[in-house]
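Colleague: Below are the structure tokens for one structure; questions will follow.
The values are calculated or read from the model by the stated rules, or taken from the named source; none is laboratory data. Keep in mind the model is a prediction, meaning the values are calculated, not measured. Glycine gets a Cβ as well: all are built from the backbone with ideal geometry, and neighbour counts include every protein chain shown. These accessible areas exclude ligands, DNA and RNA; they are computed on the full protein's heavy atoms, side chains included. Shrake-Rupley method; radii C 1.70, N 1.55, O 1.52, S 1.80 Å.
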Amino acid sequence: MIASADPASAPPDPTGDAQPAPASAPIEPPATDPADADPAAASGSPGSASAPPARAKSAKSAQPPPLPESLAPLNFDNIELDAVLSDWVDAIKDNGVEAVAILGPDPFASVEQRLVLAVHPPHLLPAAQSLAASHDFGAPWRSAESPMANWQDIARSAYASSSRWRRLWLGHGFQSVARVEFALPAQRALECFMFSSREWNGRSEASALVWSALNVWPLLRRTLAEARGLLTAREVECLRLAFDGLTAAQTAVRLGCTERTVNFHITNAMYKLRCDNKLAAVQRALWLGAI
């Protein structure tokens, strides 16, 4: 059932209670893959027991990886993702939809922080960033157990003090917005927003847009994850098997490699995801849509 979102009845702003999550100490990855640095250990030969592991670089010189989320929306540099968004807009233009925006959690910040993962067409980025910075929808919406799919008349309450994003979208000629949420662990979610230049008179048009978002989501989720490109395929595979409950030894048997190589890939993933344990790495990989 599609709910019409009344701005006046939206959940309260929780900004007075939420505290940013403390930053985790960065993990310094091994200098090289154990399979390359120590062939004897990788092959399981008797000589591997006496061979010391490769020494990591000094912790004092270690620097955390740059935050990839500080870049522009992913579709700005990814032709495949932008083509998916363009085709999606073309498919729903009969409903007056001329723009879409995808918001997702910032994996390195608190639950309230959202990022603009993609927006089409690109010139609407400031309006999408204003929506991401607002406290409309997002974590407060989920905390109040509000519907995962809803629509709203943008002009309504557009000039309230907390509705700058509505004024920006209204200034671009958009009258209505439909939103679909795809839940992630720990109160995070990916949110799809579809903006129409028409004012909808009922739920039928919004329902059709929600259906279109559900249809395109598998392809959109995959292209978003690939466009991020933060983790290698082997790192994703090791984290996925860890999510399934496999130990490093069991993962090594499944992948046909050594346990040391599995730990190497997981340590690299932890370093890239700026966390200091495997559970946090799995959770952040889920937020990124990688697994």
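Colleague: Examine segment 177-198 for a residue that is farther than 25 Å from Val84 by Cβ and surrounded by 14 or more Cβ atoms within 10 Å (Cβ to Cβ), and state whether such a residue exists.
Modeller: No, every residue in segment 177-198 fails to be farther than 25 Å from Val84 by Cβ and surrounded by 14 or more Cβ atoms within 10 Å (Cβ to Cβ).
Colleague: So which residues in segment 254-291 are open to solvent by less than 20 Å² (accessible area, probe 1.4 Å) and more than 17 Å from Arg234 (Cβ to Cβ)?
Modeller: Cys275, Trp287, Gly289, listed by residue number.
Colleague: Counting only residues that are over 14 Å from the mean Cα position of the chain (by Cα) and open to solvent by 10 Å² or more (accessible area, probe 1.4 Å), how many does segment 219-241 have? Spell out how you get there, then give the answer.
Modeller: Within segment 219-241, the first condition is being over 14 Å from the mean Cα position of the chain (by Cα), and the residues that meet it are 219, 232-241.
Filter once more, so that each one left must be open to solvent by 10 Å² or more (accessible area, probe 1.4 Å): 219, 232-234, 236-237, 240-241.
Residues that pass the stated criteria total 8.
Colleague: Moving on. Note down all Cβ pairs under 8 Å where the first residue falls in segment 100-118 and is more than 17 Å from Glu226 (Cβ to Cβ), the second is of a type in the set (Lys, Arg) and surrounded by fewer than 20 Cβ atoms within 10 Å (Cβ to Cβ), and they're at least six residues apart or on different chains.
Modeller: Phe108/Arg274
Colleague: Exactly one condition in (1) within 17 Å of the chain's Cα centre (by Cα); (2) crowded, with 23+ Cβ neighbours inside 10 Å is false for Asp82; which is it?
Modeller: (2)
Colleague: Looking only at segment 86-112, count how many residues are open to solvent by less than 20 Å² (accessible area, probe 1.4 Å) and hydroxyl-bearing (Ser, Thr, Tyr).
Modeller: Qualifying residue count, segment 86-112: 1.
Colleague: Among the helices (runs of 4 or more DSSP H) lying completely within segment 209-291, list those that include at least 3 residues that are free of Cβ contacts under 8 Å to residues at least 40 places away in the same chain. Let's see the steps before the verdict.
Modeller: On the way: elements: 233-243, 248-255, 259-272, 278-287.
Helices (runs of 4 or more DSSP H) meeting the threshold: 233-243, 248-255, 259-272.
Colleague: A further question follows. So which helices (runs of 4 or more DSSP H) stay within segment 78-190 end to end and still have 2 or more residues that are under 27 Å from Leu286 (Cα atoms)? Walk me through how you get there before you give the answer.
Modeller: Values: elements: 79-91, 125-133, 138-143, 164-171.
Answer list for segment 78-190: 79-91, 125-133, 138-143.
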